[in-house]
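To start, the structure itself, in C-alpha cells.
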C-alpha cells in the first residue's frame, strides 16, 4: 500500500514536471495524460473508486482529447510561447507559495493535522463506493445536482454561440430538392415558327 | 475493497514490463543508422508540402466541446444507475429534471444546426 502510493506519487510529480519542461506542446499534453492516470490511481488508493474512474473518463477521455486537438491544430509558434517564461515566473512562484501554505494549513494546523482525521479503515471487498455516492447525490444534494445541469446547459449555449459560424456562399447539396425536381422546372419548350433558310 | 483492483495492478506491471522489453530488444537488436533520409517526414513520396501547424475549422472544437458536455452527463448517470433501487421516486425525479434540462440544450443545439456540417 505505502510503496504503491510512493511509486505512483513519484511518477505523478515527474509527469507534472514533464508537462512544463517538455519542448513540444504535444509531449506536454501526453505528460498531462500520464499525470491524470497517476492521480486516478492515488484516488483509488484512497478507495474513492468512482472519482478515479470519472477522472479517467472525463479528463483523459474528453478534456485531454480537446487539449491535444487544440495543441495539434493551433497555429502557434513554439518559440513565442516559451519566451514569456521569465516574465510570468514571479506570478507562478507566488501561486506556488500560496498553494504550499494552504496545503501546510490543511495538513498541520486544522484539527491537529492529519492525525485528527484518523486512519483510513479498509472497506470490505463488496463495498460499493459508487452506490454510496449515488444514494447521497440524488437525494440529499439534489439542488447542487440540478445546478450542475443548469451549468452544463449554459455551457452548451455558450459553446454554440461562441463558435457557430455559417460561412456565406457555401455550396451544399440539398438531396430532397435534388430528388424532387421535375422536368418542367429545368426544361422549357418554346413553340415557334420555322425560320427561312438563309 | 482494494483487493478488487489487484488484477489491474498486475496488468499495469505486465504492460509496462512488456513495453520496456520490446523497446529494449529493438534498441539492442536493431541495426541503427539514423540518416537524414530515414528521419525525414514521408508524405506519399512527396516532400512535405507545408508545416503541420495549420488553422482548422472552429467547428471541430464545437463538436469536441459538445462531446465533453454529454460525457459529463454520462458521468452523472453512472452512480444514479447503480443506486437506483435505493433512491425511490425522489431520486428518479431528480434525474428526470436533470435530463430534461440537458434535453433542452440538446434541442437548442439541434435546431440551431450545430450538429450539421455544411
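Taken together, the values in this text are just the output of simple stated rules run on the coordinates, not laboratory data. Just so you know, these numbers come straight off a predicted model, no measurement behind them. Because the Cβ atoms are built from the backbone with ideal geometry, glycine has one as well, and the counts that use them run over all protein chains shown.
Using 1/(1 + (r/R0)^6) with R0 = 25 angstrom and r between the beta carbons of residue A:66 and residue B:92, what's the FRET efficiency to the nearest 0.05?
Rounded to the nearest 0.05, the efficiency is 0.15.
What FRET efficiency would be calculated for the residue pair residue B:28, residue A:27, taking the C-beta separation as r and a Förster radius of 22 Å, to the nearest 0.05?
0.30
In a Gaussian network model over chain A where Cα atoms closer than 10 Å are linked, find which of A:103, A:42, A:51 has the largest mean-square fluctuation.
A:103
Quick one: if you stick a label point 7 Å off each Cα along the C-beta vector at residue A:97 and residue A:16, how many nm between them?
Label-label distance for residue A:97 and residue A:16, simple model: 1.9 nm.
Calculate, in nm to one decimal, what residue A:185 and residue A:88 gain on full extension: separation in residues at 0.36 nm each, minus their alpha carbon distance.
Working it through step by step, the gained length comes to 28.3 nm.
Over all residues in B:79-89, what is the mean tally of Cβ atoms on other chains that come within 10 Å of each residue's Cβ?
5
Decide, for chain B, between rounded, prolate and oblate: order the square roots of the alpha carbon gyration tensor eigenvalues as a ≥ b ≥ c, take rounded if a/c falls under 1.5, and otherwise choose prolate if a/b is larger than b/c, else oblate.
oblate
May I have the convex hull volume per residue, in Å³, for the Cα set of chain A?
Cα-based convex hull of chain A, divided per residue, equals 309 Å³.
In nm, what is the difference between 0.36 nm times the number of residues separating residue B:77 and residue B:21 and their Cα-Cα distance?
Full-extension gain reported as 16.1 nm.
Return the FRET efficiency for the residue pair residue B:10, residue A:5: r is the Cβ-Cβ distance, R0 is 22 Å, and the value is rounded to the nearest 0.05.
0.80
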